[in-house]
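Q: The structure's right below; bear with me while I get my questions together.
Quick note: the coordinates plus some simple rules give every number you see, no bench work behind them. Owing to the predicted nature of the structure, the values given are computational and were not obtained by experimental measurement. All Cβ positions, glycine included, derive from the backbone under ideal geometry; neighbour counts span all protein chains shown.
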Amino acid sequence: MKKIRLPLDEKTIHELKAGDEVLLTGTVYTARDAAHKRLVALIEKGEPLPIELSGQTIYYVGPAPAKPGYAIGSAGPTSSYRMDIYTPPLLKLGLKGMIGKGRLGPNTMKAMVECGAVYFGAVGGSAVLISKSIKKAEVVAYPDLGAEAIHRFEVEDLPAVVCVDADGRNLYNEGTKLYKQAAL
Amino acid sequence: MREIRVSEVTNIVKELFLKANYVIGEDVMEKLACMRETEPSPLGRTVLSQILENNRLGAKEELAVCQDTGMSIVFLTIGQEVHFTGGSLEEAVNEGVRQAYTEGYLRKSIVAEPLFERKNTGDNTPCVIHVRLVPGDKVHILAIAKGFGSENMSQLKMLTPSEGIEGVKRFVLKVVEEAGPNPCPPLVVGVGIGGSFELSALMAKRATGLPLTRHNKDSRYRALEEELEKGINALGIGPAGYGGRTTALKVHIITAPTHIAGLPVAVNICCHAARHADDLI
């Protein structure tokens, strides 16, 4: 289990390999479909973004409301493929990491290799466990989107696995191939 | 004629959605623990341990086990001797959903209209209600909180009768293989076979709300459930899709009479967070 600081530095990005189990500590920004749509619309118009994304990591999550006394509600990953259409322009702006679950599309993976970025998988449906590693949460953009607003999280030892590394190696494909048995 | 006040339905629906979102059933917990013992992938075992720990925390602290607290689906099986009083039954069910999601710190995930504004309704209503009338004076309520990571990976196909058993097997395996890691395996796979276009989908959804200990009563279909489960676990997808042999917790098949020209098959995928609860009035 490797302890990784966020934002990621260049050396770490190229050391991380598909299948590595990691604990992430530092800052992440949350965004799902609706926030991505707005960010990319701004990029297309050449306007500034509400957050500085260069070097940062986005966590694909729409958290549940926090109970009194909790920093955040349940906050596990959502499916990453829905962001595929928006991710290459963000990578070109310097986004270095994404946390989500499930497959990425070929255009996203190609842009990751070109720009040098890492995709971490968190376990879908382990939203309570993950919320325990989120120490601070605040909405930094698009509060009107509710759970889909952009939050800044300070995380400590968030458990994740490198699913696609900066060389384009893909744990989902490699893992499935390793355990696939002859058809019934 | 038995009178039931709709406010009683509201209270029960509320409690069922809170329970479903906080507490994963013993049947699922036991199966996850059992499959952790046999899972050959070390990473797969780690994922299963993480899920088990997560579910224990959710139940203990009354927190939603998954942040996607789902679209609310309610199956009402109503005895025809029952007379509901005190207002609209549909509104009473929605009120139960509203109270659970606003008071229980559950995420509101419903947009009022699917294509243009997609504006959130703010209280997770309206829910989807399926009503069946049966003889008697009881009311059975099944509440399913359905996450869309798995819902989005579900499919329906109108097979031809000649495609038969092999066609059904091919289609179910294809749906699960195409879904891969996206629907949060290990999965509960609901399969509806027969009926019409919409009935097959409804049966597949209903199947995801069955206890894992339940098997089809027809031994031929039970054997098919077991064969499909083996076939899915041989796909190699594994826990969280990181590779492994634990991909299906259970395959449930529900069937209905169908047309001489048809063989509808619907596959509704449910993630390992199989959130449902039921009660009888």
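Q: With only alpha-carbon atoms in the gyration tensor, what are the semi-axes of the equivalent ellipsoid for the range B:1-160, in Å, largest first?
A: Value: 31, 20, 18 Å, ordered largest first.
Q: Take the residue pairs A:LYS17/B:LYS108; A:LYS2/B:LYS108; A:LYS135/A:LYS177; A:LYS2/A:LYS132 and return only those whose Cα atoms are more than 26 Å apart.
A: Over 26 Å Cα-Cα: A:LYS17/B:LYS108; A:LYS2/B:LYS108; A:LYS135/A:LYS177.
Q: Checking the table A:LYS92/A:LYS136; A:LYS180/B:LYS250; A:LYS67/B:LYS138; A:LYS11/B:LYS146; A:LYS3/B:LYS146 against a 30 Å threshold on Cα-Cα, which pairs fail?
A: Flagged as over cut-off: A:LYS67/B:LYS138; A:LYS11/B:LYS146; A:LYS3/B:LYS146.
Q: Then there is this: About the Cα centre of the range B:149-275, what is the dipole size in debye to 20, counting +1 per Lys and Arg Cβ and -1 per Asp and Glu Cβ, all else neutral?
A: The calculation lands at about 280 debye.
Q: Using all alpha carbons of the range B:149-275, what is the percent of pairwise distances in each 5 Å bin, ordered from the shortest bin to the longest?
A: So the P(r) values, bin by bin, are 2, 13, 24, 26, 20, 10, 4, 1, 0.
Q: In percent, how large is the relative contact order of the range A:2-179, given Cα pairs closer than 8 Å and 6 or more residues apart?
A: Relative contact order comes out at 31 percent.
Q: Could you tell me which helices of chain A pass both thresholds, a Cα extent of 30 Å or more along their own axis and a mean Kyte-Doolittle hydropathy of at least 1.6, with helices taken as whole DSSP H runs?
A: Long hydrophobic helices here: none detected.
Q: Calculate the radius of gyration of the Cα atoms of the protein assembly as shown to one decimal place, then report Dmax, the largest Cα-Cα distance, as a whole number, both in Å.
A: Spelled out, the Cα radius of gyration and Dmax of the protein assembly as shown are 22.3, 75 Å.
Q: Pop out the Kirkwood hydrodynamic radius of the range A:1-104 from its pairwise C-alpha distances, inverse of mean 1/r, in Å to one decimal.
A: After inverting the pairwise mean of 1/r, the radius is 14.9 Å.
Q: Based on other C-beta atoms within 10 Å, arrange B:PHE171, B:PHE17 from fewest to most.
A: B:PHE171, B:PHE17
Q: Before rounding to the nearest 500, sum -39500 (n - 2.57) across all DSSP H runs of length at least 4 in chain A and divide by the residue total; then give [θ] at 222 nm in deg cm²/dmol.
A: Result for chain A, helices only: -7000 deg cm²/dmol.
Q: Could you give the size of the charge dipole of chain A about its Cα centre, using +1 on the Cβ of each K and R and -1 on the Cβ of each D and E, expressed in debye and rounded to the nearest 20?
A: For this selection, approximately 360 debye.
Q: In percent, how large is the relative contact order of chain B, given Cα pairs closer than 8 Å and 6 or more residues apart?
A: 26
Q: Report the Rg/Rh value for chain B, based on alpha-carbon coordinates and the Kirkwood definition of Rh.
A: Computed over Cα atoms, the ratio is 0.98.
Q: Taking neighbour Cβ counts within 10 Å as the exposure measure, how do A:THR27, B:THR246 sort from fewest upward?
A: Taking fewest neighbouring Cβ atoms as first place, the list is A:THR27, B:THR246.
Q: Can you give me the P(r) profile for chain A? Cα pairs, bins 5 angstrom wide beginning at 0, each as a whole percent.
A: Calculated P(r), rounded to whole percents: 1, 8, 18, 22, 21, 15, 8, 4, 2, 1, 0.
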